[in-house]
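Okay, so here's the structure we're looking at.
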Ligand code: E4P
């Protein structure tokens, strides 16, 4: 399973990258607004320099011709850029066009299996089902991952399932169980994957016992 970080914050991207487990980055207009990005293309270029893997940068156009031209422009920023396109009719049409040109795409804002199927038919490189936002409205987000996995496997569809809107470590664990290809997470979730109180207690005991041994050896 590939691990992406879901942020436009360069420091967070450096921190996750330094852990040695980062495969890519996803951004969106809200995440760019959160860190006050002024020069969008320059900022995405900086992210692409930090990581070798895929970096999703989202279009803000909603009409076919505009999405395609914005997508081509985003794709020219770096070799590892993926054009993120919303799951609307013009977006699907644009994904087909961009994919036919060899441009990688991430179809975002997916909330149903039917949406995921049509995105794959259009040739999306990634589909981004938003687990947390479904959970937020009392729907079972994880069922969506399972349904998409089954449908894609039924037909050998190669679009990668990118579990998004992950809020806590169990979302990641469940996504892995369901066979998602990628998970994109905020830094706090990536760090949270490591946490276990028994690890901390166990390490404390090992080190204390080692210190005791050193004291005994001195006598
Ligand atoms: C995915 O690519 C989105 O950027 C993201 O996962 C959305 O997460 P949120 O629902 O926590 O905003």
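Between region 186-211 and region 89-143, how many Å separate their Cα centres?
37
Starting from the Cα coordinates of region 1-82, work out the convex hull volume and express it per residue in Å³.
Expressed per residue, the convex hull around the Cα atoms of region 1-82 is 90 Å³.
Using Cα-Cα distances under 8 Å and only pairs 6 or more residues apart, what relative contact order does the chain have, in percent?
The normalised contact order for the chain reaches 17 percent.
So how much slack lies between residue 191 and residue 2, counting 0.36 nm per residue of separation and subtracting their Cα-Cα distance, in nm?
Value of the extension gain: 66.5 nm.
Expressed as an acute angle from 0 to 90° and rounded to the nearest 10, what is the orientation of the C-alpha long axis of helix 64-75 relative to the principal long axis of the chain?
Compared with the principal axis, the helix lies near 40 degrees.
Which of the peptides 93-106, 33-46 is most tightly packed, and how do the rest follow, judged by the mean count of other Cβ atoms within 10 Å per residue?
93-106, 33-46
Hey, with R₀ at 41 Å, roughly what FRET efficiency would residue 217 and residue 114 work out to, going by the Cβ-Cβ distance, to 0.05?
For R0 = 41 Å, the calculated efficiency reads 0.05.
Go ahead and run the numbers for FRET between residue 207 and residue 52, Cβ-Cβ distance against an R0 of 30 Å, rounding to 0.05.
0.25
Kirkwood Rh over alpha-carbon pairs of region 112-219, then Stokes-Einstein at 25 °C and 0.890 mPa s: what D in µm² s⁻¹, rounded to an integer?
151
Only helical DSSP H runs with n ≥ 4 go in: add -39500 (n - 2.57) per run for the chain, normalise by residue count and round the 222 nm mean residue ellipticity to 500 deg cm²/dmol.
Helix contribution divided over all residues of the chain: -16000 deg cm²/dmol.
Which angle from 0 to 90°, rounded to the nearest 10, does the C-alpha axis of helix 141-155 make with the longest principal axis of the chain?
Its long axis makes an angle of about 60 degrees.
With angles folded into 0 to 90 degrees, how steeply does helix 197-218 sit against the dominant principal axis of the chain? Use alpha carbons for both and round to 10.
The helix 197-218 is inclined about 30 degrees to the chain.
Placing one identical point scatterer on every Cα of region 2-218 and ignoring solvent, what is log10 I(q)/I(0) from the Debye formula at q = 0.08, 0.14 Å⁻¹?
Debye output, listed in q order: -0.32, -0.82.
Between residue 150 and residue 78, what is the label-to-label distance in nm when each label sits 7 Å out along the Cα-to-Cβ direction?
Going by the 7 Å Cα→Cβ label model, 3.9 nm.
Given a Förster distance of 25 Å, report the FRET efficiency between residue 65 and residue 38 from their Cβ-Cβ distance, rounded to the nearest 0.05.
Approximately 0.40, to the nearest 0.05.
Throughout, read-outs are computed from the coordinates displayed, never taken from laboratory work. Bear in mind that the values here come from a model prediction, so they are computed numbers and not experimental data. Note: ideal-geometry Cβ built from the backbone for every residue, glycine included; neighbour counts use all protein chains shown.
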